[in-house]
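A short worksheet on the structure shown next.
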Amino acid sequence: MHRSGMFRSALVAGWTCLVLALPVIASADTSRNANQMLQHADDIKSANNDEFVEILKRLDGEQPPLTSAQQLRLRYLKAWQSAYRGDYATAVPQLDAVIAQSNDVTLKFRAGVTVVNVLSIASRNEEAFVRLSQLLELMPSVSDPDAREQGLAVAALLYNGAGQYDLALSYSNRQLAENADPKSFCTGSQQKLEALYRSGKLQTFNQQFQPGIDACKRAGEPIWANLIRVDVAKLHIAKGKYAEAIKVLDSNYDEIQHTRYPALVSAVDSVLAQAYWETGAIEPAQRYALSSVQDGVKNEYTESLVHAYQVLYLVAQKQGDYQAALAYHEKFAAADKGYLNDVSARVLAYQMVKQQVQEKKLQVDALSKQNQVLQLRQEISRKEAEARDLYLVMLMVVLGSIAFWAWRTKRSEIKFMQISRHDGLTGIFNRQHFVSVAEHALAQCKKTSQDASVILIDLDHFKAVNDTHGHAVGDQVLKCTVAACRAHLRANDLFGRLGGEEFGILMPDCVAATARQVAERIRSAVADCSGSEGGLDFPVRASFGISGTRTSTYGLRQLMIHADNALYQAKREGRDRVIVYDHTKAETNPLPPGVLDRRRG
């Protein structure tokens, strides 16, 4: 539930029990009644959203009118409801208005944390991390335990989404340590388990799940309890225990539907669809997949949506409805690409903001040094006659410090640029940079009428390697593959990781036949990763698809489509082979059977 399920879940993180210091006015009965209604609404907004909405409607017509502080609190709750329903364009301006107009530190902080979460959900990732950084700096001055809980929960959630699982664990552990009430234990446990699950550190069923679910029940937080159950069901599926996954979610399905929380409902339907498909139950698999698509938040690409479209494609293909299968595959591909792009954007936004914060700190340090210089100059001007030598020495030291910090800042900028263009694991080009330089290289080849070829490489059965041996071994396989490729590439060849276990090579001044020879050598080298020489005790194989400009023109998109078609053919014909694109065969089979299987290795 990477984007919607995980990020939108913070809308309910620590937002209950909002305690505001409302002024005591003379008309005590009316004011106390309004305060009680506001507090009750705040307490139940995620546990009983229907009643929460009714209370907001009653407060709108309350007579006499609410005080200014009460009105701001009501506006905050309305903004929360807008975000809960997915209306982010309305929620953010409402929350910013509350921040600007309120004098209550607790309310301003909570509204700010809510804005951070909504910005993240709406894919305004860089802005979300910038504002989160500002709020975390303010947290030491916030004493309200509920406000601190909300801030820590949202921090853990954003860092989980950016793949910074150690940071997420740090903030969830702080939340569990600071507040021992059931609600804090509930939300903190969910985020901690999410980080452990996504980082691959939670490989077995242990005693950590049930205490978190029990705490959520005691706190009246069905959304968080069922988010934990979703992770439990996913772990069951990963272990091949499909009936157990169905049992975990089906027994709580009515409660899940009653929350009316789109992200949770869609995620549960998607996981159930996967589990039923794996058991061979076609009808419920199709029904739950359709429900997941319908119930999800519109115009968002989520992990739930990707898996739902995948199941619908497989069902249509199983039923022989190839027209529907083609349509669902196109939606699956678009959702998968959008989801992966969003994950990458979050990671990049985190890295960018982290770099900006470091640069800002360096700038502040430099300004501090400059202020020291000014103070020294003023002091020296009063004692110029007796301290001239000291002045010159100090000035040189300070200027040297400024130059040093400027040099470090520039070096950090260069390092960050290098990181943004290369894959963090293998060191080769990432997809975005590979596409950029490849398009430029093809344009040059076209001008000089040079041939060029594209090779796409996909490791066979890579998902099974990760599931069986763990992600650390999977990373070792990827590194060994990259080393095998590099050993057979020329200096002017372009090499990049396109995503997961898929790699791309552009070979300028090279026809497809020559590229095939290179690919065969690489295929043999990849196989050498197995055994004592490569350090891996299981077979490592890869499939290759090749296209050339003589048949596919100089457009990178067309070259990669044709190479991808050849790669599909290699997978279909048994894997561990090299196929050169043949346009006569490709035209007769635009959607090869098993097209989704290649994504799984």
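The values are calculated or read from the model by the stated rules, or taken from the named source; none is laboratory data. Please read these numbers as outputs of a predicted model, since none were measured by experiment. As a convention, Cβ positions derive from the backbone with ideal geometry for all residues, glycine included, and neighbour counts pool all protein chains shown. Only protein heavy atoms, including side chains, enter the accessible area calculation; ligands, DNA and RNA are left aside. Shrake-Rupley method; radii C 1.70, N 1.55, O 1.52, S 1.80 Å.
For the reader, a short list of remarks on this structure follows.
- Helices (runs of 4 or more DSSP H) completely within segment 119-197 that count 2 or more residues being open to solvent by less than 10 Å² (accessible area, probe 1.4 Å) and closer than 21 Å to residue 47 by Cβ: 145-161
- On inspection, residue 324 fails the criterion of being out of contact with any strand residue (DSSP E or B) (no Cβ under 7 Å at 6 or more places or on another chain), closer than 23 Å to residue 265 by Cβ and of a type in the set (Gly, Ala, Ser).
- Restricting segment 565-601 to residues that are charged (D, E, K, R), open to solvent by 30 Å² or more (accessible area, probe 1.4 Å) and touching a Phe, Trp or Tyr at 6+ places or on another chain (Cβ under 9 Å), the residue that is modelled with the highest pLDDT: 577
- Filter result (of a type in the set (A, V, I, L, M) and under 20 Å from the mean Cα position of the chain (by Cα)) within segment 284-311: 293, 297, 305, 306, 308
- Filter result (at pLDDT 85 or above, of a type in the set (S, T, N, Q) and assigned to a helix (DSSP H, G or I)) within segment 71-118: 71, 81, 82, 90, 94, 101, 106, 114
- Residue in segment 52-87 that is surrounded by the fewest Cβ atoms within 10 Å (Cβ to Cβ), counting only those that are closer than 20 Å to residue 106 by Cβ and among the small types (Gly, Ala, Ser): 68
- Each residue in segment 477-489 was checked for being open to solvent by 30 Å² or more (accessible area, probe 1.4 Å) and out of contact with any helix residue (DSSP H, G or I) (no Cβ under 9 Å at 6 or more places or on another chain), and 2 pass.
- When residues in segment 424-434 are screened for being open to solvent by less than 40 Å² (accessible area, probe 1.4 Å) and on the phi < 0 side of the Ramachandran plot, 5 of them pass.
- Restricting segment 451-476 to residues that are of a type outside the set (A, V, I, L, M) and under 18 Å from residue 544 (Cα atoms), the residue that is surrounded by the fewest Cβ atoms within 10 Å (Cβ to Cβ): 463
- Taken as a whole, the condition of being open to solvent by 10 Å² or more (accessible area, probe 1.4 Å) and in contact (Cβ under 8 Å) with a residue 24 or more places away in the chain does not apply to residue 209.
- Leading residue by the ranking (farthest from residue 192 (Cα to Cα)) among those in segment 220-251 that are assigned to a helix (DSSP H, G or I) and among the small types (Gly, Ala, Ser): 243
- Residues satisfying the stated conditions in segment 296-319, i.e. under 19 Å from residue 231 (Cβ atoms) and of a type outside the set (S, T, N, Q): 296, 303, 305, 306, 307, 308
- Search result, residues across segment 366-378 that are open to solvent by less than 70 Å² (accessible area, probe 1.4 Å) and not polar (S, T, N, Q): 366, 369, 373, 376
- Test: residue in segment 483-490 that is in contact (Cβ under 8 Å) with a residue 40 or more places away in the chain and in a loop (DSSP other than H, G, I, E, B): no
- Any chance residue 281 is open to solvent by 10 Å² or more (accessible area, probe 1.4 Å) and small (Gly, Ala, Ser): yes
- Residue count for segment 528-560, restricted to those that are over 24 Å from residue 448 (Cβ atoms) and either of a type in the set (Ser, Thr, Tyr) or open to solvent by 30 Å² or more (accessible area, probe 1.4 Å) (or both): 10
Conditions (1) open to solvent by less than 20 Å² (accessible area, probe 1.4 Å); (2) at pLDDT 95 or above; (3) in a loop (DSSP other than H, G, I, E, B), marked per residue:
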position: 440; (1), (2), (3): no, yes, no
position: 497; (1), (2), (3): no, yes, no
position: 510; (1), (2), (3): yes, yes, yes
position: 519; (1), (2), (3): yes, yes, no
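- Residues of segment 243-265 satisfying the condition of being open to solvent by 10 Å² or more (accessible area, probe 1.4 Å), small (Gly, Ala, Ser) and either under 26 Å from residue 121 (Cβ atoms) or in contact (Cβ under 8 Å) with a residue 12 or more places away in the chain (or both): 243
- Filter pass, residue 315 being over 18 Å from residue 249 (Cα atoms), out of contact with any strand residue (DSSP E or B) (no Cβ under 7 Å at 6 or more places or on another chain), among the aliphatic types (A, V, I, L, M) and buried (at least 21 other Cβ atoms within 10 Å of the Cβ): yes
- Search result, residues across segment 337-365 that are open to solvent by 70 Å² or more (accessible area, probe 1.4 Å) and over 21 Å from the mean Cα position of the chain (by Cα): 358, 360, 361, 363, 364
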